[in-house]
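Okay, structure first, notes after.
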């Protein structure tokens, strides 16, 4: 290969970008290179062929097949291009199924179902000639003020790693390479600001931020990784060989391809100011370990000349090219026959919608219920459905859904898929109800003129369903999403006022939250306290009030019930309606702590003893609801946690616990096993999730759940910087949330 041919394999090209801003800073004029010029010697990637604008999939496939044939015919080496697309909530293309956002994956605590999502998405991508998907996001949530929280899975690295790895397996089982992002530390930025510096210490990086990536590489076999935009302690990840080579390749044995996040190579020059020019930026990035520059040629077109000038060793260029060619060989591209493109394709088939429906149903979290739920679908009641998200399909979708990411730039273009709203779904679920719909207010803004009409509708109803929350978008377009970071965790706009005014009518009110982050809604929730008045775990407050409780006994200062749904996707509205009616029992659990205030951030349930509520400070970071919390329409008891008294450091913890459905309805519990290292050489979290499992039980049914956990899950980075398991006593417990020690045992690591 000539130097130009090698260089060509290390860049992508955004053929169809045009003037649309669908990625960070893509509106800036970055490169004058024409596609014909860039691909004269071949090309590494074609960027977002389907996902840049609403193009008919069959027509676009015909173009793509023809372009791949041209590359085979008209370039000397005849190497086709890798085609990559976004696939965070499904293939981000017109008419393709939109699944729940990753934060909903975490809420479902169901890796097997997420693997099915990955397989479904991968099948659609492969049918369209797409080879690489830019997902999953394995950033551990550290601050809910960060705009990209809806793209993340959880604040717990085990949940992130387990669920994210399941998605990797599903996607790659269909012959599409998954891309892990954003490696590493992106979510730990100061004050939750996008692209902001990261000040994480070595122990936080090693023990919290890296494990999900390691799991996806070692256990999931992920074939691609994308760098973080941020810097850690002053070193941008795009130029840091410590992580891109030392950790990823040398320590973990990763032999796949590292691609740059869009424009991040040139950001070394234009934003982070550690490179003098594009050539300098390219040299730093490829030396650190970034093989391919995306989305288009920007800095890497300087590589060939740098080799000729003796500035860059050709061996560095060759190493990256070998990895790209190995990936193309693995994908079958080097021997591909681009004969007939698909003549028809359904990107939203019934089986995909069925998977989306199940995941949406299992991700709904019931945060509070005084007995008003479930609603009786056979009752001819008057129902007021109010709120800015009640009749909005966009409110069901995440930032990287095609609807919010691309179609927002094409007003008037239909979504191409069936997208019922919550109002539509409630109308279908409660056929005998008399429905009134009033918007009340917008998601953003200070126009209160519609609130009186909403109050009147609520006052005339038997029950009110008020649907509020977020509108996902990018860089100031919306309330959550990439670049939409916040300094408050109050509901946007006048939505809290709308809810409080509706509740004040005395009509029992069900609050439904459609959001991409957790909000500070403690004002909407009943106190989580026991008989002594102290804050307790779920076990003491799980039972709802009697369904027939008289209105006089209701607390009219708060909604009668609160449902949290994190952007549940195309089938989200029917899923929510099914939970409201009781056709589906809620089984979701909080994958992220529900904050009490923005001032307590950043907060994680994985805090050390002095990171929680203490007597030495008047500030209280205790969340309104803890990680792992979630109610159902029945109750569960966890009893008789047993474990062998001793286990060796290289062995496995084998525990068992009895789970009993103590209520009158069928339901699904999420069994959560937590651990705490009672005495360690460094401070350890007061609670650490080490295992979880969904268990469905009939009324009165009990089962023994066996849990098998490798002791290494309790390893941490010691004083010498080495990760190891230390001897000592570990307290274990199972309960309804991280702070609910319902049944307790201990084991000594020897």
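The values are calculated or read from the model by the stated rules, or taken from the named source; none is laboratory data. Worth saying up front: this structure is predicted, and the values here are computed from it rather than measured. Every residue, glycine among them, receives a Cβ derived from its backbone with ideal geometry; neighbour counts consider all protein chains shown.
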(message) Only one of 223, 169, 202 is out of contact with any strand residue (DSSP E or B) (no Cβ under 6 Å at 6 or more places or on another chain) and under 26 Å from residue 83 (Cβ atoms). Can you tell me which?
(response) 169
(request) Answer yes if at least one residue in the range 382-401 is more than 28 Å from residue 448 (Cα to Cα) and crowded, with 24+ Cβ neighbours inside 10 Å, and no otherwise. (result) yes
(message) With the requirement that a residue be part of a helix (DSSP H, G or I) and over 26 Å from residue 404 (Cβ atoms), what does the range 452-473 give you?
(response) 452, 453, 455, 456, 457, 458, 459
(request) Looking for whichever is touching a residue at least 24 places away in the same chain (Cβ under 8 Å), over 26 Å from residue 748 (Cβ atoms) and not assigned by TED's automatic domain parsing to the domain that holds residue 142 here; the options are 651, 669. Which one fits? (result) 669
(request) Identify, by number, the condition in (1) farther than 16 Å from residue 237 by Cα; (2) surrounded by fewer than 22 Cβ atoms within 10 Å (Cβ to Cβ); (3) touching a strand residue (DSSP E or B) at 6+ places or on another chain (Cβ under 7 Å) that residue 256 doesn't meet. (result) (2)
(message) Go through the range 729-742 and report how many residues are assigned to a strand (DSSP E or B) and over 15 Å from residue 692 (Cβ atoms).
(response) 3
(request) Working only within the range 425-451, note down all residues that are assigned to a helix (DSSP H, G or I) and surrounded by fewer than 17 Cβ atoms within 10 Å (Cβ to Cβ). (result) 428
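Residues are listed down the side, and each one gets a yes or a no for (1) assigned to a loop (DSSP other than H, G, I, E, B); (2) farther than 22 Å from residue 603 by Cβ:
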residue: 124; (1), (2): no, yes
residue: 129; (1), (2): yes, yes
residue: 142; (1), (2): yes, no
residue: 148; (1), (2): no, no
residue: 160; (1), (2): no, no
residue: 175; (1), (2): yes, yes
residue: 179; (1), (2): no, yes
residue: 221; (1), (2): yes, yes
(request) Kindly provide the set of residues from the range 241-259 that are over 23 Å from the mean Cα position of the chain (by Cα) and under 18 Å from residue 203 (Cβ atoms), ordered by number. (result) 242, 246, 247, 251
(message) Contact list please: Cβ distance under 6 Å, first residue in the range 618-631 and in the same structural domain as residue 586 (by TED's automatic domain parsing), second residue part of a loop (DSSP other than H, G, I, E, B) and surrounded by fewer than 21 Cβ atoms within 10 Å (Cβ to Cβ), pairs at least six apart or on different chains.
(response) none
(message) Within the range 231-240, take every residue that is under 25 Å from the mean Cα position of the chain (by Cα) and part of a strand (DSSP E or B) and give me the one that is farthest from residue 206 (Cα to Cα).
(response) 236
(request) Could you identify the single residue in 404, 389 that is outside any loop (DSSP other than H, G, I, E, B), outside the structural domain of residue 152 (by TED's automatic domain parsing), under 28 Å from the mean Cα position of the chain (by Cα) and under 30 Å from residue 133 (Cβ atoms)? (result) 404
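Conditions (1) closer than 19 Å to residue 161 by Cβ; (2) outside any loop (DSSP other than H, G, I, E, B); (3) touching a strand residue (DSSP E or B) at 6+ places or on another chain (Cβ under 9 Å), marked per residue:
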position	(1), (2), (3)
674	yes, yes, yes
683	no, no, no
694	yes, yes, yes
706	no, yes, yes
(request) Please give the number of the condition residue 324 fails out of (1) touching a strand residue (DSSP E or B) at 6+ places or on another chain (Cβ under 9 Å); (2) farther than 26 Å from residue 220 by Cα; (3) in contact (Cβ under 8 Å) with a residue 40 or more places away in the chain. (result) (2)
(message) Please go through the range 87-105 and give me each residue that is more than 11 Å from the chain's Cα centre (by Cα), buried (at least 24 other Cβ atoms within 10 Å of the Cβ) and assigned to a loop (DSSP other than H, G, I, E, B), ordered by number.
(response) 87, 91, 92, 93, 94, 96, 97, 98, 99
(request) Confirm whether residue 713 is assigned to a helix (DSSP H, G or I) and either modelled with pLDDT of 95 or more or surrounded by 13 or more Cβ atoms within 10 Å (Cβ to Cβ) (or both). (result) yes
(request) With the checklist (1) under 21 Å from residue 168 (Cα atoms); (2) in contact with a helix residue (DSSP H, G or I) (Cβ under 8 Å, 6 or more places away or on another chain) in hand, flag the one item residue 245 doesn't pass. (result) (1)
(message) For a quick check of your reading of the model, give me the residue pairs whose first member lies in the range 585-610 and is assigned by TED's automatic domain parsing to the domain that holds residue 143 and modelled with pLDDT under 95, whose second is crowded, with 24+ Cβ neighbours inside 10 Å and in a loop (DSSP other than H, G, I, E, B), with beta-carbon atoms closer than 8 Å and at least 6 apart or on different chains.
(response) none
(request) Being at pLDDT below 95 and either under 29 Å from residue 638 (Cα atoms) or not assigned by TED's automatic domain parsing to the domain that holds residue 600 (or both) narrows it down to one of 524, 549, so name that one. (result) 549
